[in-house]
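These notes are about the structure you will find just below.
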Amino acid sequence: MRSEGEVNHAVEEYADMIKRVCFYYLKNHADTEDIFQKVFLKYMMHEEIFSDGEHEKAWMLRVTINACKDYLKSFFRRSTVPLEMIMEMEAEVPEDHREVLEAVLSLPDKYKDPIYLHYYEGYSAAEIGKILGKKENTVYSLLSRARGILKEKLGGEGIGE
Amino acid sequence: MANRIHDAFDSIQADDRLKETTKQFIQARAGKKSRFIYRAAFQGTLMFACMALVLAAGISGYSWIFTPVSYVSIDVNPSIELALNRLDRVVAAAAYNKEGEEILNDLSIKGKRYTDAIEAIMHDPIMQDYLQDDSELIFTVAADGGRDDRLKMEAENCSGHMGHGNSQSISVDLEIVSKAHDSGISLGKYYAWLQLMQYDDSITIDQCKNMSISKIHGLTKVHEQHESHDQDEVHDQHNTHEQPDESSEDSLNEQDFNDHESGQNEEDMQGSLNEQDFNDHESGQNEEDMQGSMNEQDFNDHESGQNEEDVQGSLDEQELEDHESGQHEEDTQGSMNDQDENYWDEYDASGHNSHHYEGRH
């Protein structure tokens, strides 16, 4: 079990990243808080020593994505979340970024992880493949299809690699 | 565009409040590892317990609904047996011969109330063919205590049953059901065979299978007649010893009473006294036969309540009447046992028991 200090440090370091993943998965505050607690509790319980910071980050990402997916799958979430809560987090996004985020959020679920990991976290297709448990070529095609959709939505501006 | 996506995501940041609550949560949880594990284990157990409960409820509910607890067998020539659950609904209908199968093929009576099922069977055109005037229609009911009387009464009230003159219903022990099923014949026939066995054990169940119920009853009747001729003496003695003083007194009283009141002759009353079988009345046997056959049958008859019309069944009433009328108290005095024996002797000697009464009066 990790010490409190370690966990607090991890919270400071990864909170933003986890929040972003939660954002594009869950889109509301209460659920995000639940996920935070779950992820850091797991982190605290996790005995394995990470080989480096990248390893830890990737572990965090994977655990967060799993936690979000589990949460979405869970019976209570499916049957109790009121509709008006779903989009509440978008309201706090600054005006100028909202269009892009809305476009990303409207993507089918399978594209969101690669888009986020590639464009924000800067992972390569090979790394994304490792994190998501997909083949590298699958990640390439997911990314290119997602780009196609985003281009259409955001008015044909070129999206760089 | 790449930058736009990056910037857009960058604008999302965990606020301090979120970080703080998470830290507090972790703090609160630190050192409670065991509880966490317990909770996970507990959830699993809870889920398992719930599933087990639902499963158990399902199984017991299923068996509650689908376990037969009572049986109604309908025998004419077609032999049909209905198995009823606790709610008196038909859970299974079995035919024990070809004729029965023909009838059941056309009907779907599963799940119906058994009275409806009986009505449906009775009104089936194939069944109607068998319900001729000379055929017997026998309902045999096997159920646990408390249920059998009601089942029998309701079966009797069914119009099919009422419309057929030559019909009767019998209630038997539940134990007979399994024996009957082991032998592959219906309850009613098995019971009829048991009765026949008392007189003639050369007839096997297999032979019974192919007989109609009226035939089995007919055989029984023939044997009853023979038997009663042979055993008159034995039965008479048996009767005298068995019958308690009081009841003989009552019976005699009642006979006296009827002699005076209605002028009914003694022979008829004698028949009633001995709790004669329904069939005996029908077949018009003479009084000697009737008298002889009382020993085994009176119990069965009594149980099934066939002889409602019998005077013996309503002894108490008649006793009351006797007292009310106040006519016969003198007659009952004296040694009843002696009278009884005299009476039987006389009866045997003369074949006509009216002598006895003439003597007494």
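The values are calculated or read from the model by the stated rules, or taken from the named source; none is laboratory data. This is a predicted model, so every value here is computed, not measured. Every residue, glycine as well, gets a Cβ built from its backbone with ideal geometry; the counts of neighbours run over all protein chains shown.
Tabulated values for the structure
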| item | result |
| --- | --- |
| Qualifying residue in the range B:95-104 (condition: aromatic (Phe, Trp, Tyr), outside any helix (DSSP H, G or I) and crowded, with 22+ Cβ neighbours inside 10 Å) | yes |
| Within the range A:7-22, tally of residues that are more than 14 Å from the chain's Cα centre (by Cα) and either buried (at least 20 other Cβ atoms within 10 Å of the Cβ) or at the interface with another protein chain (Cβ under 10 Å from one of its Cβ atoms) (or both) | 5 |
| The listed residue being on the phi < 0 side of the Ramachandran plot and in contact with a Phe, Trp or Tyr (Cβ under 8 Å, 6 or more places away or on another chain), out of B:Arg113, B:Arg89 | B:Arg89 |
| Which numbered condition B:Ala120 fails, given (1) in contact (Cβ under 8 Å) with a residue 24 or more places away in the chain; (2) farther than 25 Å from B:Ile176 by Cα | (1) |
| Of the criteria (1) part of a helix (DSSP H, G or I); (2) within 30 Å of A:Phe40 (Cα to Cα), which one B:Ile12 fails | (1) |
| Pair list, Cβ < 9 Å and 6+ apart or interchain, from the range B:1-17 residues that are more than 7 Å from chain A (Cβ to nearest Cβ) to residues that are at pLDDT below 80 | B:Asn3/A:Gly160; B:Asp10/A:His97 |
| Those residues of the range B:163-207 which are crowded, with 22+ Cβ neighbours inside 10 Å and part of a helix (DSSP H, G or I), in sequence order | B:Val177, B:Ala180, B:Leu187, B:Gly188, B:Lys189, B:Tyr190, B:Tyr191, B:Ala192, B:Trp193, B:Leu196 |
| Of all residues in the range A:134-161 being part of a loop (DSSP other than H, G, I, E, B) and at pLDDT 90 or above, the one that is surrounded by the fewest Cβ atoms within 10 Å (Cβ to Cβ) | A:Lys135 |
| Top-ranked residue in the range A:23-69 [being within 14 Å of another protein chain (Cβ to nearest Cβ) and of a type in the set (D, E, K, R); ranked as nearest to B:Ala8 (Cα to Cα)] | A:Lys27 |
| Scan of the range A:100-123 for residues that are more than 14 Å from chain B (Cβ to nearest Cβ) and farther than 18 Å from A:Lys19 by Cα, ordered by number | A:Pro108, A:Lys110 |
| Search result, residues across the range B:32-44 that are modelled with pLDDT of 75 or more and either under 14 Å from A:Lys42 (Cα atoms) or surrounded by fewer than 10 Cβ atoms within 10 Å (Cβ to Cβ) (or both) | none |
| Conditions (1) at pLDDT below 85; (2) within 13 Å of another protein chain (Cβ to nearest Cβ): number failed by B:Met47 | (1) |
| Residues of the range A:1-54 that turn out to be out of contact with any helix residue (DSSP H, G or I) (no Cβ under 6 Å at 6 or more places or on another chain), outside any helix (DSSP H, G or I) and charged (D, E, K, R), as a count | 3 |
| Some residue of the range B:171-180 being out of contact with any Cys (no Cβ under 7 Å at 6 or more places or on another chain), of a type in the set (Lys, Arg) and at pLDDT 75 or above | yes |
